[in-house]
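The values are calculated or read from the model by the stated rules, or taken from the named source; none is laboratory data. The structure displayed is predicted, hence computed values, not measured ones. Note that we place each Cβ from the backbone using ideal geometry, even for glycine, and neighbour counts take in every protein chain shown.
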Amino acid sequence: MRNLLAITDFSVKEIDELISVALDIEKHPKKYQEKCKHKKLATLFFEPSTRTRLSFESAMLSLGGSVLGFSDANSSSSSKGESLSDTIRVVSCYSDIIAMRHPKEGAPLVASKVSSVPIINAGDGGHNHPTQTLTDLLTIKKEKGRLDNFTIGFCGDLKFGRTVHSLIQALSRYTGIKIVLISPEELKLPDYVKKDVLEKNNMEYVETESLEKAMPELDILYMTRVQQERFFNEQDYLRLRDSYILDVEKLKNAKKDLNILHPLPRVNEISVEVDQDSRACYFKQVENGRLIRMALILKMLEDK
Ligand code: NCD
């Protein structure tokens, strides 16, 4: 039985196949509309979500399957003190596959040890978010036509941003990728990601605090929200939250074929005027998230 805990649980070849299936689903949705008939997806969200949970649910419904679950830990028995392991054991009796989000790093790994059905990590604390990465890869593939040979800037909260950690892991397996890490000192990429991913794979990377200086060389700009919920101290959050605000002015020095990505939700880091720019791809990512999750559910139920 396969789980998806980190993006590296899938080979590059498997990711390519998922992308091909997602593109086929986009072209021929009818072909897939009964593929998961009588199958049930449970979405267990111990942390807030809009896109990830609803795109999983929409994906399963588009495959003819059904969904169950909770979107708030307070409405589940974990509020009575039930352990995660017990909750997962129970839910795996009611479902064929589970997508879960949890504030604790490693919670999906714990779940995978006791589950009788596949576990998909839909975000664990400040650690990983592999299905957002699949979404990002599909978006890059559609926009650029390739997954190699580009310079990508990650801007904002690189410390707690799990989408950043997972996408960097994924990109470490493609060639010709240059990474520009743009953040304030306090929100730099964690050392473990630098050592275990960037350095181990001899990836080219630079760190800077200046989005303006980095902008002209970027092919892709991946903006992120400062992750308020992971801060210990409100003062620090308030001081750092508006470190970077992408606006039309800052885009003047950008490449014509830049792609601006953001996993969303956005707070202040991209001003709404940028939404009109043809280089803004973050709402396209939303639709790609549903398509790739359809491909993922299909694959994981087949592998099972
Ligand atoms: C991201 C997450 O949950 O990590 N959102 C998402 O799933 N699209 C990014 C964020 O919350 O900032």
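Output the residues belonging to region 58-82 that are assigned to a strand (DSSP E or B), farther than 15 Å from R101 by Cβ and of a type outside the set (S, T, N, Q).
Hit for region 58-82 is L68, nothing else.
Please verify whether region 144-164 includes one or more residues that are surrounded by fewer than 24 Cβ atoms within 10 Å (Cβ to Cβ), over 20 Å from K188 (Cα atoms) and acidic (D, E).
Scanning region 144-164 turns up at least one residue that is surrounded by fewer than 24 Cβ atoms within 10 Å (Cβ to Cβ), over 20 Å from K188 (Cα atoms) and acidic (D, E).
Can you tell me which of F160, F154, F150 is away from the ligand (no atom under 16 Å from the Cβ), aromatic (F, W, Y) and in contact (Cβ under 8 Å) with a residue 24 or more places away in the chain?
Among F160, F154, F150, only F150 is away from the ligand (no atom under 16 Å from the Cβ), aromatic (F, W, Y) and in contact (Cβ under 8 Å) with a residue 24 or more places away in the chain.
From E47, E57, which residue is surrounded by 18 or more Cβ atoms within 10 Å (Cβ to Cβ), within 20 Å of the chain's Cα centre (by Cα) and without any contact (Cβ under 8 Å) to a residue 24 or more places away in the chain?
E57
Please find, within region 113-147, the residue that is farthest from T50 (Cα to Cα) out of those that are small (G, A, S) and away from the ligand (no atom under 12 Å from the Cβ).
G145
Take K194 and decide whether it is under 19 Å from H127 (Cβ atoms), free of Cβ contacts under 8 Å to residues at least 60 places away in the same chain, buried (at least 16 other Cβ atoms within 10 Å of the Cβ) and more than 16 Å from the ligand (Cβ to nearest atom).
yes
Are any of the residues in region 124-131 assigned to a helix (DSSP H, G or I), of a type outside the set (S, T, Y) and under 17 Å from the mean Cα position of the chain (by Cα)?
Taking every residue of region 124-131 in turn, at least one turns out to be assigned to a helix (DSSP H, G or I), of a type outside the set (S, T, Y) and under 17 Å from the mean Cα position of the chain (by Cα).
With respect to A214, determine if the residue is more than 16 Å from the ligand (Cβ to nearest atom) and in contact (Cβ under 8 Å) with a residue 12 or more places away in the chain.
Here the answer is yes, as A214 does meet what is asked.
Could you tell me whether region 32-41 includes any residue that is closer than 29 Å to R266 by Cα and in contact (Cβ under 8 Å) with a residue 12 or more places away in the chain?
Yes, region 32-41 contains at least one residue that is closer than 29 Å to R266 by Cα and in contact (Cβ under 8 Å) with a residue 12 or more places away in the chain.
If I filter region 1-17 down to residues being hydrophobic (A, V, I, L, M, F, W, C) and either under 15 Å from the mean Cα position of the chain (by Cα) or part of a loop (DSSP other than H, G, I, E, B) (or both), which single residue comes out as surrounded by the most Cβ atoms within 10 Å (Cβ to Cβ)?
Applying the filter and picking the extreme gives I7.
Taking the stated definitions as given, is E273 over 30 Å from S112 (Cβ atoms), in contact (Cβ under 8 Å) with a residue 12 or more places away in the chain, more than 14 Å from the chain's Cα centre (by Cα) and part of a helix (DSSP H, G or I)?
Taking the combined requirement at face value, the residue satisfies it.
With S85, S92 as the choices, which residue is over 21 Å from I7 (Cα atoms) and buried (at least 19 other Cβ atoms within 10 Å of the Cβ)?
Of S85, S92, the one residue that is over 21 Å from I7 (Cα atoms) and buried (at least 19 other Cβ atoms within 10 Å of the Cβ) is S92.
From the set of residues in region 63-93 that are polar (S, T, N, Q) and touching a Lys or Arg at 6+ places or on another chain (Cβ under 7 Å), which is modelled with the highest pLDDT?
That would be S66.
Go through (1) part of a loop (DSSP other than H, G, I, E, B); (2) more than 22 Å from the chain's Cα centre (by Cα); (3) modelled with pLDDT of 95 or more for K213 and report which single condition fails.
Against the list (1) part of a loop (DSSP other than H, G, I, E, B); (2) more than 22 Å from the chain's Cα centre (by Cα); (3) modelled with pLDDT of 95 or more, K213 comes up short only on (1).
Condition test on L198, is it of a type in the set (A, V, I, L, M, F, W, C), in contact with a strand residue (DSSP E or B) (Cβ under 6 Å, 6 or more places away or on another chain) and outside any loop (DSSP other than H, G, I, E, B)?
So L198 fits the description; yes.
Tell me, which residue of region 219-239 that is within 16 Å of the ligand (Cβ to nearest atom) and among the charged types (D, E, K, R) is nearest to E143 (Cα to Cα)?
Looking at residues that are within 16 Å of the ligand (Cβ to nearest atom) and among the charged types (D, E, K, R), I get R225.
Limited to region 1-59, what total is found for residues that are within 15 Å of T133 (Cα to Cα) and either touching a His at 6+ places or on another chain (Cβ under 8 Å) or polar (S, T, N, Q) (or both)?
Residues that pass the stated criteria total 4.
How about region 29-51: which of its residues are of a type in the set (S, T, Y), within 16 Å of the ligand (Cβ to nearest atom) and not in a loop (DSSP other than H, G, I, E, B)?
The answer is T43, and nothing else.
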